[in-house]
1. I need the full set of residues from the stretch 28-70 which are closer than 20 Å to Glu81 by Cβ and part of a loop (DSSP other than H, G, I, E, B), in order please.
2. Identify, by number, the condition in (1) among the small types (Gly, Ala, Ser); (2) over 19 Å from the mean Cα position of the chain (by Cα); (3) at pLDDT 95 or above that Gly138 doesn't meet.
3. Being assigned by TED's automatic domain parsing to the domain that holds Leu147 and either out of contact with any Asp or Glu (no Cβ under 6 Å at 6 or more places or on another chain) or of a type in the set (Val, Ile, Thr) (or both) narrows it down to one residue among Arg228, Arg205; which is it?
4. Return the pair list, or none, for Cβ contacts closer than 9 Å from residues in the stretch 118-133 that are in the same structural domain as Leu147 (by TED's automatic domain parsing) to residues that are of a type in the set (Gly, Ala, Ser), at least 6 apart or on different chains.
5. Looking at the stretch 267-296 only, could you name the residues that are closer than 17 Å to Tyr240 by Cβ, surrounded by 15 or more Cβ atoms within 10 Å (Cβ to Cβ) and modelled with pLDDT of 90 or more?
Amino acid sequence: MISVIVPVYNVERYLGKCLDSILAQTYSDMEVLIVDDGSTDHCGEICDRYATQDHRIQVFHTVNHGLSAARNVGLDHTHGEYIGFVDSDDWIEPDMYEKLLNIAKQTDADIVTCRFYQEYKDKTEESSGPLSMFTVEGNDILRTYLLQHNICQDSWNNLFKADLFQAVRYPEGRSFEDYFIKPHLLQKALKMVYTPDCLLHYRNRQNSLSKVHTLKSNVDYWQVYRERFDYLSPISEEYYRLSLTQAMGAIGRMWRWIGACSKEERRQAQVWLDEMQQFNNMHFKEIMKDPAYPRYTKFVCLCAKSKSSILFRVLYTGNQIYRRHRSDNEEYYL
């Protein structure tokens, strides 16, 4: 059985298309766990109506605690050997789970991940990513995830063995929850298979949480990568360098926002800027001396050290110009 978890919050325009695509799957041995996260529109009624039409659906109505909490409610009630996630404004291809499950069974993979369609208002694009299937095992799984930045970090384009979620849950009250949980799942996995098939339609909405930059979203982003550094850096020197570079990229994200925010927002952000500067000071010398770190990482170090948003804007603009004239694929973590 596959357990499909669908967190729902105020998406009545899109919910029917999402649920129809799940129930129309060519693989039918599923349970569909819909978690209505305190919706204030008609989503709750829509969920209940679908539950009366298909015995595979269970609906859980909760107070609004966010996406992570809703997914955790679903995880606490799963019975399947495999787990999938579908966001309630997206939809999936009719054979998505049949294809992913066949790959999982044929290869004994703990995780199967696929590409997806980016759905914009006026166009559809295929997501980035390798165009051929590949398999990674053991320590190479996490390493591939850290190095292959064009492989999606989210949960909804994967099929997971349910055992991976034992003692693992999404962090509640924070955004970028997938960025937090994914390394923990990959570290437990023995085999991951990637397929280039586009099997899910991701709806790009301008007001989605991932696209709105606020103090909270920048702090959540920083906390994800700071915790990732704490988790990964003891494993190996390579993971130390990669996770430190990503943590500095999160600091750079905050500085880009600081350059355009109000004085009051900067005042509210000061406690986090102080924490980031302390982290930066701990690693400043090693980053500046080591040629393995990207130029952008060194730029962020300088700005966090000086606390100058003007310096950051100058260096950031210079780095953007520099990148446009590069012909290789050096990663700057922007």
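1. Correct list: Ser28, Asp29, His55, Arg56.
2. With respect to (1) among the small types (Gly, Ala, Ser); (2) over 19 Å from the mean Cα position of the chain (by Cα); (3) at pLDDT 95 or above, Gly138 is out only on (3).
3. On the way: Arg228 fails: assigned by TED's automatic domain parsing to the domain that holds Leu147.
Testing whether each residue is assigned by TED's automatic domain parsing to the domain that holds Leu147 and either out of contact with any Asp or Glu (no Cβ under 6 Å at 6 or more places or on another chain) or of a type in the set (Val, Ile, Thr) (or both) leaves just Arg205.
4. Listed pairs, sorted by first residue: Gln118/Ser127.
5. Here is the first cut: in the stretch 267-296, the residues closer than 17 Å to Tyr240 by Cβ are 279-280, 282-294.
When the remaining residues are screened for being surrounded by 15 or more Cβ atoms within 10 Å (Cβ to Cβ), the result is 279-280, 283-284, 287, 293-294.
Matches in the stretch 267-296: Phe279, Asn280, His283, Phe284, Ile287, Tyr293.
The values are calculated or read from the model by the stated rules, or taken from the named source; none is laboratory data. Note that the structure is predicted; figures quoted are calculated from it, not measured. We place every Cβ from the backbone using ideal geometry, glycine too, and count neighbours over all the protein chains shown.
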